[in-house]
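See structure below.
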C-alpha cells in the first residue's frame with residue numbers, strides 16, 4: 001500500500017515538474033502535495049493539461065497566489081462525480097404542471113384565445129426559454145470537460161408566478177477564469193435567443209378585437225387597458241401587425257411568457273454572487289471587487305422594485321460560497337474581457353428596451 005502511494009506521489013511530482021518551474025515542494029499532513037512555483041507566462045494551458053492528467057488519478061489541483069510565490073495544491077478529488085436523474089425529472093414534471101395551471105388560470109375564458117392551444121403554447125414557451133437557458137450552460141460544461149447535474153426546475157405558484165426558473169449543480173469547479181466566464185454567459189445568451197423567438201410568436205398570436213368589445217371587456221374587468229408598453233414590444237406590434245381603425249390589440253399569452261424570459265435574462269446578468277452575471281464578473285474581478293459588485297447589484301434591484309430578488313441574493317451571498325475556478329491566477333482572455341463589458345451594455349439595453357415600462361411588471 002505504501003509502495004502504491006509512493007508511486008502515485010512520484011507520478012504526480014513528475015507531471016507537475018514537467019510543466020512548471022518548481023521552487024519548493026511539500027507533502028502536507030492530509031496527504032496533499034503543495035508546490036511553490038516561479039512565475040511563468042504560460043500557466044493557463046499547462047494547468048489545463050495537468051488537470052486532465054490528474055482526473056485520471058482521481059486527483060485535483062488548485063492554483064493560487066501566495067504571499068510571495070504561486071502555490072499549486074494537488075489533493076484527492078472532493079467534488080461530486082455523478083448526479084441522479086430522478087429528482088431533476090420529478091421537478092421538471094412539477095414545474096411543467098405549475099406553468100400549465102398558471103396559464104389556464106390566467107387565460108381561461110378569453111373567447112379570442114382557444115384555451116387548450118393557448119395553455120400549450122404558453123407552457124412550451126416558458127419551459128422552452130428556461131430549458132434552452134440551462135442547455136446553454138450544459139453546452140459550456142461539456143466544452144470545458146467539467147461535470148454538472150441535469151437542470152433542477154423550480155415550480156412556482158400558479159396564478160402568482162409560474163416558475164422560479166432552474167439551476168444546475170456543478171460537480172466540480174471550473175478549470176480557469178475562461179471556463180467560469182463561459183459557464184456564466186452561455187445560459188443568458190441561449191435563453192435570450194429563445195425569448196426573442198417567443199416574443200415574435202407572441203406578436204403574431206395577439207388578437208385584434210373591435211374597440212366596443214374591448215371597452216365592454218374592460219368594464220367587466222376581464223381586460224386591462226395598456227397606455228404604455230416596453231420599447232421592443234411596441235416596436236414589434238407597430239411593425240408586424242396591421243391594425244385597422246377602431247380595432248384593439250389583445251396581447252397574446254406568449255408576450256407574458258417572453259416578458260418572463262427577458263426578466264430572467266436581465267436579472268441573471270447582474271454581477272451578483274450566485275447569478276450567471278456573478279460568475280461572469282468573478283472571472284474578471286477579484287473576490288473583494290466582486291463582493292462590492294454584489295452589494296451594488298442588490299441596491300439597484302431594490303431601486304428598480306425587484307425587492308424579492310434583491311433579498312434573495314443578499315441572503316445567498318452570506319450563506320453560499322462564490323464559484324471560484326481551480327486556476328485563479330491565469331487572467332481572463334482578452335476577447336472575454338471585452339465580452340464582459342458588452343454584458344454590462346446588454347444588461348442596460350434589456351432594461352431600457354424590454355423591462356422598463358413593461359406592463360406586466362410596471363402596470
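The values are calculated or read from the model by the stated rules, or taken from the named source; none is laboratory data. It should be emphasised that the depicted structure is a prediction, and the values quoted were computed from it without experimental measurement. Positions of Cβ are generated from backbone atoms using ideal geometry, with glycine treated the same way; all protein chains shown enter the neighbour counts.
Observations
- Residues of segment 26-50 that are surrounded by 18 or more Cβ atoms within 10 Å (Cβ to Cβ) and farther than 21 Å from residue 334 by Cβ: 33, 35, 37, 50.
- Test result for residue 194, under 19 Å from residue 358 (Cβ atoms), surrounded by 18 or more Cβ atoms within 10 Å (Cβ to Cβ) and modelled with pLDDT of 95 or more: yes
- When residues of segment 67-99 are limited to those that are farther than 30 Å from residue 154 by Cα and surrounded by fewer than 11 Cβ atoms within 10 Å (Cβ to Cβ), the one nearest to the chain's Cα centre (by Cα): 67
- Any hit, segment 126-133, residues being loosely packed, with under 14 Cβ neighbours inside 10 Å and either within 23 Å of residue 259 (Cβ to Cβ) or assigned by TED's automatic domain parsing to the domain that holds residue 184 (or both): no
- Residue within segment 307-319 that is free of Cβ contacts under 8 Å to residues at least 24 places away in the same chain, touching a helix residue (DSSP H, G or I) at 6+ places or on another chain (Cβ under 7 Å), more than 20 Å from residue 137 (Cα to Cα) and assigned by TED's automatic domain parsing to the domain that holds residue 128 present: yes
- Among (1) farther than 22 Å from residue 175 by Cβ; (2) surrounded by 15 or more Cβ atoms within 10 Å (Cβ to Cβ), the one test that residue 15 misses: (1)
- Scanning segment 197-206 for residues that are surrounded by 15 or more Cβ atoms within 10 Å (Cβ to Cβ) and either in a helix (DSSP H, G or I) or at pLDDT below 90 (or both) gives 197, 198, 199, 201, 202, 203.
- Note on segment 107-119: residues that are touching a helix residue (DSSP H, G or I) at 6+ places or on another chain (Cβ under 8 Å), in a helix (DSSP H, G or I) and surrounded by fewer than 20 Cβ atoms within 10 Å (Cβ to Cβ) total 2.
- Checked against (1) outside the structural domain of residue 216 (by TED's automatic domain parsing); (2) surrounded by 16 or more Cβ atoms within 10 Å (Cβ to Cβ); (3) outside any strand (DSSP E or B), residue 104 passes all but condition (1).
- Residue match in segment 188-201 (condition: touching a strand residue (DSSP E or B) at 6+ places or on another chain (Cβ under 9 Å) and not assigned by TED's automatic domain parsing to the domain that holds residue 53): no
Yes or no, residue by residue, for (1) surrounded by fewer than 18 Cβ atoms within 10 Å (Cβ to Cβ); (2) at pLDDT 90 or above:
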| position | (1), (2) |
| --- | --- |
| 283 | no, yes |
| 296 | yes, yes |
| 300 | yes, yes |
| 317 | no, no |
| 321 | yes, no |
| 328 | no, yes |
| 338 | yes, yes |
| 344 | yes, yes |
| 348 | yes, yes |
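- Hits in segment 209-235 - residues which are without any contact (Cβ under 8 Å) to a residue 60 or more places away in the chain, farther than 24 Å from residue 261 by Cα and surrounded by 14 or more Cβ atoms within 10 Å (Cβ to Cβ): 213, 214, 217
- Helices (runs of 4 or more DSSP H) completely within segment 268-329 that count 2 or more residues being more than 15 Å from residue 182 (Cα to Cα) and under 19 Å from the mean Cα position of the chain (by Cα): 287-304, 307-319
- Complete set of residues in segment 25-52 that are touching a residue at least 12 places away in the same chain (Cβ under 8 Å) and either in a loop (DSSP other than H, G, I, E, B) or under 12 Å from residue 13 (Cα atoms) (or both): 25, 27, 30, 31, 32, 33, 34, 35, 38, 39, 40, 50
- Filter result for the condition that a residue is closer than 22 Å to residue 306 by Cβ and either modelled with pLDDT of 95 or more or buried (at least 18 other Cβ atoms within 10 Å of the Cβ) (or both), over 187, 159: 187
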